[in-house]
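In what follows, a structure is listed as structure tokens, so that the remarks can point back to it.
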Amino acid sequence: MKIVFMGTPAFAVPSLQMLLEEGYEVVAVVTQPDRPQGRKKTLTPSPVKAAALSLGLPVLQPERMRRPEAVAELAAYEPDLIVTAAYGQILPKAVLELPQYGCVNVHGSLLPKYRGGAPIQRCIINGEKLTGVTLMYMAEGLDTGDMISRVEVPIEEEDTSGILFEKLSVAGCELLKAEMPRLAKGRVQATPQDDSEATYAPNLTREDERIDWSVSSQEIYNRIRGLVPFSGAFTLWNGETFKVWAAQKPAADGGGSGAVPGTVIEVSGDGVKVKTGNGSLSLTMVQPAGKKAMTAADFSRGAAMKPGTVLG
């Protein structure tokens, strides 16, 4: 059986490696084109590309999988099965119809909940306690295909998106490993999704990253965790971006009574304490504009930020 693997971030790498380790024939890997990263905008390959090259696998990087030339290049490998994991593009009908055993996707949520491109981040931002991985057949819609199997993964109170990505990456790899013997024999029985229960997890925008101090401390804490280690949450200080990378778990705290949400109550080595909609939250890892991320202890030693400052 000839398998084409499609994926882009580190989330997908364990699944690719597992297929090779288990002796399956991966004839090609499809991933997103190299993208500029860092201040120098250096073109950087995706984690999946790096892994594929180290394994000696051919790599395809179409800008748009929908283009006829991209489909033709893929078809030349005559795949019997296509396996995807966080590839980053919706596959057109022409690709979905290529393999006789179908296209299966390792999706980082318990479908039909959190369809879309950012299910892991949005689960944390929304304060969910449980998520998981669904192995599904791909269809033309957005994560609408029939479900083959799934596994549940609890979300701990201190999990960040980075930690949850790793947990779900391993869980997804093990789920795919368990189902591959069945998939290698042909299409398996799958369960249609209940569209009435569907929720969506669109890719994050700049506005999703901005802290609204008027909401509860728990909601802000969830947003901060949900954006680590990627973009990070931010607020404004003196009109400039002030990023927040970590905070203490919210406690019952009425600090700053009478202050407007966003008011800095205290700046100390324990944290930058800020008034929220229902109490306060201590920020423990921050990043002022033009500087590197630093602990609250380091920030407090040279900070121009004073109690009474209002963050926006």
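Just so it is clear, none of the values below were taken in a lab; they were calculated from the coordinates. Only a predicted model underlies this, so the values are computations on that prediction, with no experimental measurement involved. Glycine gets a Cβ as well: all are built from the backbone with ideal geometry, and neighbour counts include every protein chain shown.
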Problem set entry | Inter-part distance where segment 1-66 and segment 132-199 are each reduced to a Cα centre, Å | 20 Å
Exercise. Any idea how many Lys pairs in segment 206-302 come in under 15 angstrom at the alpha carbon, given 8 or more places apart or on separate chains?
Worked result: 5
Seminar exercise, completed: Asserting the computed 222 nm helical MRE of the chain (DSSP H runs at least 4 long, -39500 (n - 2.57) per run, divided by residue count, to nearest 500) equals -7000 deg cm²/dmol
Problem set entry | Mean separation of Cα contacts under 8 Å (6+ apart) over length of the chain, as relative contact order % | 13 percent
Problem set entry | trypsin sites (Lys or Arg not before Pro) restricted to segment 263-312 and DSSP loop, no more than 13 other C-beta within 10 Å | K291, K292
Problem set entry | DSSP-assigned coil residues among trypsin sites (Lys or Arg not before Pro) in segment 1-104, each with at most 13 further Cβ atoms within 10 Å | R39, K40, K41, R64
Problem set entry | Qualifying trypsin sites (Lys or Arg not before Pro) for segment 113-161 [loop in DSSP, other Cβ within 10 Å: at most 10] | K129
Exercise. Which whole-Hz couplings ³J(HN,Hα) result when phi for each residue of segment 82-96 is put into the Karplus expression 6.51 cos²θ - 1.76 cosθ + 1.60, θ = phi - 60°, listed in order with x for Gly and Pro?
Worked result: 10, 10, 10, 8, 6, 5, x, 9, 7, 7, x, 4, 4, 7, 4
For this session: Would you mind counting up the charge near T42? Only other residues with Cβ under 13 Å from its Cβ, with Lys and Arg at +1 and Asp and Glu at -1.
Result: +3
Seminar exercise, completed: Given all pairs of distinct Cα atoms, the chain yields a Kirkwood Rh in Å of 21.2 Å
Exercise. From the backbone phi of segment 288-305, what are the Karplus-calculated ³J(HN,Hα) couplings (6.51 cos²θ - 1.76 cosθ + 1.60, θ = phi - 60°) in whole Hz, Gly and Pro given as x?
Worked result: x, 4, x, 10, 7, 4, 8, 6, 4, 4, 5, 5, 5, 5, x, 6, 8, 6
